[in-house]
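Here is the structure we will look at.
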Amino acid sequence: MAIPDFQTLMLPLLKFSSNYEEHSSKDATAYLANYFKLTEEEKNEVIPSGKEPIIRNRTGWAITYFKKALLLEATKRAHFKITQRGLEVLSTKPDKLCNNYLTRFPEFREFKSIDNSPRNNGELVTVLDEEDNGKTPEETMDLAYLAIRKALAQELLNKIQSLPPSFFEKLVVELLVKMGYGGSLRDAGRALGKSGDGGIDGIIKEDKLGLDVIYIQAKRWNSNNPVGRPDVQGFVGALAGHGAKKGVFITTSRFTPDAKAYTPRNETKIVLIDGEQLSQYMIDYNLGVATESIYEVKRIDIDYFGDE
C-alpha cells in the first residue's frame, strides 16, 4: 500500500500511546510501519530531500502536532507519553484525527497561525494547509523547492538554445572547470574550438596538472532532435582518431535509448550529459544562475542541551 500521510497516522499513533507509558519516536515509527503493513521498500523510501525515511518524517510530525495540541507530552529526548487530554480524546472513540480536529484546541490554533501583526493587516493567517495535500511541512517545502528547481532548469535550457553554438561550447568548458576539470579557465579556454575537426569540439585537462585530457563534443540541439547512436559512435571514432580514451558528449537535447545503451568495445570511456542533467549541473555549480532567496530550516541542537 502507499505510505499513509501524516494525518492518517494520527489516530493509530494516539491509540499506540494510550497505555500511558513512555514511548520513543523510533518505536512509534516501527509500530506504525507494521500497523499499515509497509514493505521494506516503503519503510526505506525517503522524503524529496533524501534526509530521512518518509514514514519516520511523517510519524515525527504527527507526534509534534499532538504535542502542540497537548495530546502528547515530551518526557525526554525523542520520547513522549499521552496526556489526560489525549486520553479524553480517545474516550470519545473518534473515527479520525486530523488537523481540522486538532483546531478545537486553542494551543494548536496558536501553533498553526501567525499572530495578527500589522504586516498581516490584522488577519489570522494559516502558515501551511496540509489538510489538502497530506504532506508534512518539510515535505511541502522539499516539493516546492524541486518544482522551482525544475522550472529554472527548463528556463536555462530555453536560454541556451536561443544563443549561438559558440556560446554553448564556451559554457560547456566553464561548467567542466567549475566541476574541477581543466585547471584554470584560461588554460581550458585555449583548447576550445581549436581541434574542431573529426567530431571534436574541445579539449580540456582532466586535472590541474594536465596528466590526461578529456575530449568534448557539444551539440546545441532542441529536444525534438535527439542525439542518436550514430552520433555517439562517431564521437567514439573521433576519439580513436586522436588516440584519446576519455570523452564527454554534452547536448541541450536528449539521447535516444540506443545511444545511451551503446558501450564502446575498446577502452574508451565516454560520459553522456543530456539537457536535463546539464541544467541540473549548472544549478549545482552556480553557472548562469544567481541566488535569489535563502531559507534556513533549523532544529534543536541536542549537544548544546545535553542528553536530557
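Computed from the coordinates by the stated procedures, all read-outs in this text should not be read as laboratory data. Predicted, not measured: the structure shown is a model, and the values here were computed from it. Cβ coordinates were reconstructed from backbone atoms using ideal geometry, including for glycine residues, and neighbour counts include every protein chain displayed.
Remarks
- Percent of Cα-Cα distances greater than 31 Å, calculated over the chain: 52 percent
- Packing rank of 9-21, 258-270, where each peptide gets the mean count of other beta carbons within 10 Å, highest leading: 9-21, 258-270
- Relative protection proxy for 96-104, 172-180, from highest mean packing down: 172-180, 96-104 (other beta-carbon atoms within 10 angstrom).
- Vicinal HN-Hα couplings computed from phi for segment 243-250 (Karplus, 6.51 cos²θ - 1.76 cosθ + 1.60; Hz; Gly/Pro x): x, 9, 10, 10, x, 10, 10, 10
- Interchain or long-range residues, amide H under 5 Å from PHE255's placed H: VAL227
- Dividing the helix sum by the residues of the chain, where each DSSP H run of 4 or more adds -39500 (n - 2.57), gives a mean residue ellipticity at 222 nm of -12500 deg cm²/dmol.
- Note on the chain: with charges restricted to the Cβ of Lys and Arg (+1) and Asp and Glu (-1), its dipole about the Cα centre is near 620 debye.
- The residues packed around LYS43, meaning those with a beta-carbon under 11 Å from its beta-carbon, carry a net charge of -2 if Lys and Arg are +1 and Asp and Glu are -1.
- Close amide H contacts of LYS219 (hydrogens built in the peptide plane, cut-off under 5 Å, sequence separation of 5 or more or a different chain): ILE250, THR251, THR252.
- Across all C-alpha atoms in segment 200-280, the radius of gyration and Dmax reach 12.5, 40 Å.
- Couplings for segment 146-158, taken from phi via the Karplus curve 6.51 cos²θ - 1.76 cosθ + 1.60 with θ = phi - 60°, read 5, 5, 5, 5, 5, 5, 5, 4, 5, 4, 4, 4, 4 Hz in order; Gly and Pro are left as x.
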